[in-house]
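The structure under discussion appears below in the form of structure tokens.
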């Protein structure tokens with residue numbers, strides 16, 4: 001997710017001669033009822049990052065549940081532990097990791113002041129090297145009630161650097177959010193329309209992080225450094241709907 005320090009480094013994605021032939025390698029279609037499939041998803045727990053207000057709960061049906069073919073990630077205003085808000089952050093860390101691929105989700109997002117849903121990836125080696133040396137691929141981020149979608153890349157090149165772009169999007173409707181990631185580039189797509197790209201060929205600009213395995217995160221943050229806090233207009237509970245998450249590889 002977007003961090004307090006945001007240094008914009010604009011790069012052009014490496015050109016490719018033809019579109020790749022992607023084959024489905026993994027998916028979760030959420031065709032179950034109850035808690036998310038524990039063979040696919042674990043949970044971040046507690047207060048994690050960015051001065052956010054929510055306490056991320058673990059396998060609590062009030063915050064994450066599969067229902068009617070969707071995963072629901074639900075942010076609530078309620079006392080829990082030492083927090084006034086709860087939500088969920090689901091991750092494939094320790095379960096599924098990928099180096100390269102087309103990573104895609106079909107999602108419908110909440111709006112409102114302080115809402116910060118995201119679909120993103122972190123390098124598996126974050127536990128050894130820390131952030132941003134692990135690399136971070138933000139496939140989709142949205143804040144507040146903006147009609148904008150953000151895609152960003154974060155890594156380490158003597159210091160934290162990043163490259164990102166935004167595109168108009170009515171997030172209250174279902175959309176397909178995706179990146180196509182190979183040894184040469186990472187490209188961002190909204191409903192099949194490319195809106196950003198970064199060249200990582202031969203680890204140019206110290207992008208070696210993006211030639212190593214990453215895992216997926218789906219979360220709904222509340223408040224924090226970027227969107228700021230909820231206010232009297234914020235209506236909770238509110239929900240991220242995820243129809244599916246799919247990973248394709250060549």
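The values are calculated or read from the model by the stated rules, or taken from the named source; none is laboratory data. The structure displayed is predicted, hence computed values, not measured ones. Note that each Cβ is placed from the backbone with ideal geometry, even for glycine, and that neighbours are counted across all protein chains shown.
Got a sec? Which of 131, 98, 116 is touching a strand residue (DSSP E or B) at 6+ places or on another chain (Cβ under 7 Å) and either surrounded by fewer than 17 Cβ atoms within 10 Å (Cβ to Cβ) or under 27 Å from residue 22 (Cβ atoms) (or both)? After ruling out the rest, the residue left standing is 98. Suppose the filter is under 26 Å from residue 29 (Cβ atoms), loosely packed, with under 15 Cβ neighbours inside 10 Å and in contact (Cβ under 8 Å) with a residue 24 or more places away in the chain; does residue 124 pass it? For residue 124, the condition - under 26 Å from residue 29 (Cβ atoms), loosely packed, with under 15 Cβ neighbours inside 10 Å and in contact (Cβ under 8 Å) with a residue 24 or more places away in the chain - is not met.
Number of residues in the stretch 151-170 that are within 16 Å of residue 117 (Cα to Cα) and surrounded by 22 or more Cβ atoms within 10 Å (Cβ to Cβ): the value is 2. Residue 92 satisfies every condition listed in (1) under 19 Å from residue 56 (Cβ atoms); (2) touching a residue at least 40 places away in the same chain (Cβ under 8 Å); (3) surrounded by fewer than 20 Cβ atoms within 10 Å (Cβ to Cβ); (4) out of contact with any helix residue (DSSP H, G or I) (no Cβ under 9 Å at 6 or more places or on another chain) except (3). For residue 87, the requirement of being buried (at least 17 other Cβ atoms within 10 Å of the Cβ), in contact with a strand residue (DSSP E or B) (Cβ under 7 Å, 6 or more places away or on another chain) and within 26 Å of residue 60 (Cα to Cα) is met.
A quick yes/no check of all residues on (1) within 20 Å of residue 72 (Cβ to Cβ); (2) at pLDDT 95 or above; (3) assigned to a loop (DSSP other than H, G, I, E, B):
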{"position": "197", "(1), (2), (3)": "no, yes, no"}
{"position": "202", "(1), (2), (3)": "no, yes, no"}
{"position": "217", "(1), (2), (3)": "yes, yes, no"}
{"position": "220", "(1), (2), (3)": "yes, yes, no"}
{"position": "225", "(1), (2), (3)": "no, yes, yes"}
{"position": "244", "(1), (2), (3)": "yes, yes, no"}
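Is at least one residue of the stretch 171-188 surrounded by fewer than 17 Cβ atoms within 10 Å (Cβ to Cβ), modelled with pLDDT of 95 or more and in a strand (DSSP E or B)? No, because not a single residue in the stretch 171-188 is surrounded by fewer than 17 Cβ atoms within 10 Å (Cβ to Cβ), modelled with pLDDT of 95 or more and in a strand (DSSP E or B). Is at least one residue of the stretch 145-153 touching a helix residue (DSSP H, G or I) at 6+ places or on another chain (Cβ under 8 Å) and assigned to a loop (DSSP other than H, G, I, E, B)? Looking through the stretch 145-153, none of the residues is touching a helix residue (DSSP H, G or I) at 6+ places or on another chain (Cβ under 8 Å) and assigned to a loop (DSSP other than H, G, I, E, B). Within the stretch 158-170, take every residue that is in a strand (DSSP E or B) and without any contact (Cβ under 8 Å) to a residue 60 or more places away in the chain and give me the one that is farthest from residue 243 (Cα to Cα). So, considering only residues that are in a strand (DSSP E or B) and without any contact (Cβ under 8 Å) to a residue 60 or more places away in the chain, the one farthest from residue 243 (Cα to Cα) is 165.
Among the residues in the stretch 21-41, are any exposed (fewer than 14 other Cβ atoms within 10 Å of the Cβ), under 24 Å from residue 188 (Cα atoms) and at pLDDT below 95? Yes, some residue in the stretch 21-41 is exposed (fewer than 14 other Cβ atoms within 10 Å of the Cβ), under 24 Å from residue 188 (Cα atoms) and at pLDDT below 95. The set of residues from the stretch 190-222 being in contact with a helix residue (DSSP H, G or I) (Cβ under 7 Å, 6 or more places away or on another chain) and either surrounded by 17 or more Cβ atoms within 10 Å (Cβ to Cβ) or touching a residue at least 60 places away in the same chain (Cβ under 8 Å) (or both) comprises 200, 211. Consider the stretch 99-121 and keep the residues that are under 15 Å from the mean Cα position of the chain (by Cα) and outside any strand (DSSP E or B). The one that is farthest from residue 24 (Cα to Cα) is 110.
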